[in-house]
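Heads up: the structure comes next, in structure tokens.
Just so it is clear, none of the values below were taken in a lab; they were calculated from the coordinates. The structure presented is a predicted model; accordingly, all values stated were derived computationally and were not measured. Note: ideal-geometry Cβ built from the backbone for every residue, glycine included; neighbour counts use all protein chains shown.
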């Protein structure tokens, strides 16, 4: 069934063209990851990053697909764009002008996208300047300077290069979204994470060949990985459906409404934002402490590294907080209840208006608890596998949530293209629900 579904892809010229276009732009992105920024000793930089695992640099390096550890032209990756998008989302709650734009439909969305681009460039300039200044004071473990010719010439060149690289990635992402298949920004992050998988596989086979890992342990690990991925797919598509009934209304000689539908509430409404925020906040003190040689600061840095019980406890606490916080920011039960009331909709047994808003909020609070437990379990999984079972690669966490989520979105779009053209999808029964 799945094989015939994939075979149908090449029978649809438009879908085939979109997929090839997407793959071509992702290939361009991966080439840019290996183009270094001028004025850097790449060997000294690589040895420096070898001791930066478990700090905020490790997070940025993961999202940039390894570009940061090489300080390539794409070193900043797409993180400035994501940060600008999140900032604007949060500002729509407190700035009336942005809230009006959000409610204006397509034109308002275009304006917000324009503001996001400006914010991306501003953040890229700030981060590029910070990176260039920071690199001038850094040395490799052997004492070799990372920057060959420090000064304002190097700083301005680095800022210009990194900002242009981020702007180009942003353009690539928008082109993929518009002319390719899937969400371009998400696919770029997906490509960066997946590109590091061959190295993990090679390291695993190396450990098997040297006898440090046996075949039985590998089989158990593979079964566990398949089970975790299946569990993530199940939860990411999980919904709590609230029944909604629309009253009949007569317009002219025609009668409208009267149908039954539902309000779908996702179990993981906040997506991957909570673990990203949580890890960034926790690892920031560890990153600062790693540059300071004071003993008590070093003990703080050690306590704030993945695998330490204090770190894991704090990490889970922040994930719970941001799950509820981001859900409250992005989903407003009062607006949903008001829109439902204006269109003649109501939840059976619940009065329209405030009672409906309170009911939706109560249901959302309960399923957010389940979503927070799920996200915490997946994000703590890598530390357990590495520290307790000596797994030779990173599996789980934010990276796995992103990879599985983007894969679900992309396959759902491909499924939609095939079904609208009367071709058999990937699955004969049911289908793949998109995350949006």
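Data overview
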{"item": "FRET efficiency, residue 10 to residue 179 (Cβ-Cβ, R0 25 Å, nearest 0.05)", "result": "0.85"}
{"item": "Residue order, fewest to most surrounding Cβ atoms within 10 angstrom, among 78, 294, 384", "result": "294, 384, 78"}
{"item": "For the range 1-195: relative contact order, % (alpha-carbon pairs under 8 angstrom, 6 or more apart)", "result": "30"}
{"item": "Per-residue Cβ neighbour rank within 10 angstrom, fewest leading, 147, 316", "result": "316, 147"}
{"item": "Potential lengthening between residue 168 and residue 144 on full extension [0.36 nm per residue; Cα-Cα distance subtracted]", "result": "5.5 nm"}
{"item": "Approximate spin-label separation residue 210-residue 325, in nm, with each point projected 7 Å along Cα-to-Cβ", "result": "4.2"}
{"item": "Among 344-355, 159-170, the order from most to least packed when residues are scored by Cβ within 10 Å on average", "result": "159-170, 344-355"}
{"item": "Computed E for residue 113/residue 34 - FRET, C-beta separation, R0 35 angstrom, nearest 0.05", "result": "0.75"}
{"item": "Gain in span if fully extended, residue 219 to residue 369, counting 0.36 nm per residue against the direct Cα distance", "result": "50.7 nm"}
{"item": "Calculated P(r) tail over 19 Å for the range 1-195, as whole % of Cα pairs", "result": "65"}
{"item": "Contour excess over end-to-end distance, with Cα ends at residue 280 and residue 201 and 0.36 nm allotted per residue", "result": "25.7 nm"}
{"item": "Rough spin-label spacing in nm, given labels placed 7 Å along Cα→Cβ, for residue 156 and residue 194", "result": "4.1"}
{"item": "Pair residue 362, residue 24: separation of 7 Å Cα→Cβ label points (nm)", "result": "5.6"}
{"item": "Ranked by how many other beta carbons lie within 10 Å on average, peptides 362-370, 37-45 from highest", "result": "37-45, 362-370"}
